[in-house]
Amino acid sequence: DSLRLWGGRFADGPAEALAKLSASVHFDFRLAPYDIAGSRAHARVLHKAGLLTADELDRMIAGLDTLEADVAAGDFTGTIADEDVHTALERGLLERVGPDLGGKLRAGRSRNDQVTTLFRMYLRDHARIIGGLLVDLQGALVGLAEAHPDTAMPGRTHLQHAQPVLFAHHVLAHAQALSRDAERLRQWDERTAVSPYGSGALAGSSLGLDPEAVAKELGFQHGSVGNSIDGTASRDYAAEFTFITAMIGVNLSRIAEEVILWNTKEFSFVTLHDAFSTGSSIMPQKKNPDIAELARGKSGRLIGNLTGLMATLKALPLAYNRDLQEDKEPLFDSCEQLELLLPAFTGMMATLTVHRERMEALAPAGFSLATDIAEWLVKQGVPFRIAHEVAGECVKVCEAEGIELDQLTDEQFAKISAHLTPEVRGVLDVAGALASRNGRGGTAPEAVAVQLAEVKADLTRQ
Ligand code: ARG
């Protein structure tokens, strides 16, 4: 029979249906390396408290080292009878050092403080992995911006042509959002660098253990928790992590949607690399943006992991409740999905072919320089309210005649408003419109160059 952790007061073992329901080992065995690291640290504080002799500590550490190697080699795994990773590894230890010594390690700790400590460790490692993958993607976006320092494109609001912008400016807008996501991960990590080990089941331990020493050994630079109930019951760090990963998914989905649009025949702004697009089983001509579509799809799944965990936590009384076992699968999933998606997404962006002529041909379309007429009038002393009217009138005439703003004759300009002297033509070109928006954060090439340098500097800090 399996080594149950709580056999003493029970006459019967659990029903099979309960054992199946209860088991988490098939997913929480991912925490095994962290569990073993926690056990090593715990053995050391037991020794410090006089509860293990030096010889016992040595044998315990040696047993844990062997167990760790066996886990890494795939020679030791949990079974459904083990229930969870903690029970499985306790069995593994007992098998290696014998029940007398192995049975001493559980003193002063509970799966309740163990599991949340290990979960923090797992998530902190994955925050770093995801942060690194974000740097790669930002690097691809920076590469696109650098390769196209002065390519104009139609800037849009409401998906309608609004004002011309630099393609680099647009791409860096996405990089800015991802920089904030990376910053969120770093700030989350700082907040999560506190160890709940030593909280026991909920009330701490009577054994004179040293939670700060455990925290230090496990890399929690801000020490151990100040409240053992909070330490074992709280999962806001997990909820916040699912928010950050969902936000990354949502930000990817916004890039993805644009790539999908840009890659259509109608836009023809970009072409995807063959290696990062897929074909159709029936239509030989098809080249589909599946990576972008999967990013869009997975963002829904990442949001689901956030809302699911929030619903699990809502109204849970303190301290530990078994509901909390439901915290792990959504978070493992969020990490694993992003770690699959980001490299493919980065590859897609890094290999995008950008059709400069097409973008630039459309940049002034849709009367996107009308604002420039209005702002030119303001510089001539015309109040903006009137300038807006006059520029609107220009658009109306163009629409009626089927022409563009720069095709209006001097006579037509003069007829619309006496303020519209032929000099207004000076602002009716895309390069001039872009160059004029040279304040901080604007779309002028010089302002975008400053932004690019800032984004690159931020990347080296990540
Ligand atoms: N496997 C549980 C979890 O993931 C930890 C075990 C705590 N079980 C208990 N009966 N106190 O949350």
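Given 10 Å bins starting at zero, what is the percent of C-alpha pairs of region 16-107 in each, up to the one with the largest pair distance?
Per 10 Å bin, starting at 0, the Cα pair percentages come out as 18, 49, 26, 7, 0.
Run the reach check for LYS104 against lysines, Cα to Cα strictly under 16 Å, same-chain hits fewer than 8 apart removed. What comes back?
Within the straight-line limit of under 16 Å, LYS104 reaches these lysines: LYS48.
About the Cα centre, and with charges only on the beta carbon of Lys, Arg (+1) and Asp, Glu (-1), how big is the dipole of region 16-107? Nearest 20 debye, please.
Computed charge dipole of region 16-107: roughly 300 debye.
Is there a quick way to get the dipole size of region 365-428? I mean about its Cα centre, with the Cβ of Lys and Arg at +1 and of Asp and Glu at -1; what is the value in debye to the nearest 20?
The calculation lands at about 220 debye.
Rg (Å, one decimal) plus Dmax (Å, integer) for the alpha carbons of the chain?
Rg then Dmax for the chain, in Å: 30.6, 102.
Taking +1 at the Cβ of each Lys and Arg and -1 at the Cβ of each Asp and Glu, which of ASN251, LEU318, ASN305 sits farthest along the dipole of the chain towards its positive end, judged by Cα position relative to the Cα centre?
Checked the options; the winner is LEU318.
Remind me, relative contact order of region 365-428 in percent, using alpha carbon pairs under 8 angstrom and six or more residues apart?
Rounded, it is 38 percent for region 365-428.
Using +1 at the Cβ of each Lys and Arg and -1 at the Cβ of each Asp and Glu in the chain, identify which of ILE80, GLY50, ASN288 lies farthest towards the dipole's positive end.
GLY50
Mind giving me the FRET efficiency for ALA453 and THR79? R0 is 60 Å, r the Cβ-Cβ distance, nearest 0.05 is fine.
Computed FRET efficiency for ALA453 and THR79: 0.60.
Just how large is the dipole of the chain about the Cα centre, in debye to the nearest 20, putting +1 at every Lys and Arg Cβ and -1 at every Asp and Glu Cβ?
660 debye
Show which lysines lie in cross-link reach of LYS456 when reach means a straight Cα distance below 30 angstrom and same-chain residues fewer than eight apart are skipped.
LYS298
Can you list residues whose amide H is under 5 Å from VAL165's amide H, if they're 5+ apart or on another chain and H is modeled 1.01 Å from N?
HN-HN under 5 Å from VAL165: MET153, GLY155.
Where does the chain land at 222 nm, in deg cm²/dmol rounded to the nearest 500, when only DSSP H runs of n ≥ 4 count, each adding -39500 (n - 2.57), divided by all residues?
It comes out at -20000 deg cm²/dmol, rounded to the nearest 500.
Run down the aspartates and glutamates and flag those whose C-alpha is under 18 Å from the C-alpha of LYS287, throwing out any fewer than 8 positions away in its chain.
GLU257, GLU258, GLU266, ASP274
What distance in nm lies between label points placed 7 Å from Cα along the C-beta direction at ALA414 and ALA173?
Those two pseudo-labels are separated by 4.0 nm.
Report the Cα centroid-to-centroid distance between region 59-133 and region 237-304 in angstrom, as an integer.
38 Å
Full-extension gain between ARG30 and THR271, please, as 0.36 nm times their residue separation minus the C-alpha to C-alpha distance.
Difference between extended and current length: 82.8 nm.
For region 309-462, what is one quarter of the convex hull surface built on the Cα atoms, given in nm²?
Computing the convex hull of the Cα atoms and averaging its projections yields 16.8 nm².
Each label point is 7 Å from the Cα along the Cα-to-Cβ direction; what then is the distance between the points at ALA11 and GLU401, in nm?
Going by the 7 Å Cα→Cβ label model, 10.0 nm.
No value in this document is a laboratory result; all are computed from the given coordinates. Just so we're clear, the structure is a prediction, and the values are computed from it rather than from any experiment. Neighbour counts are summed over all protein chains in view; Cβ atoms, including those assigned to glycine, are modelled from backbone coordinates with ideal geometry.
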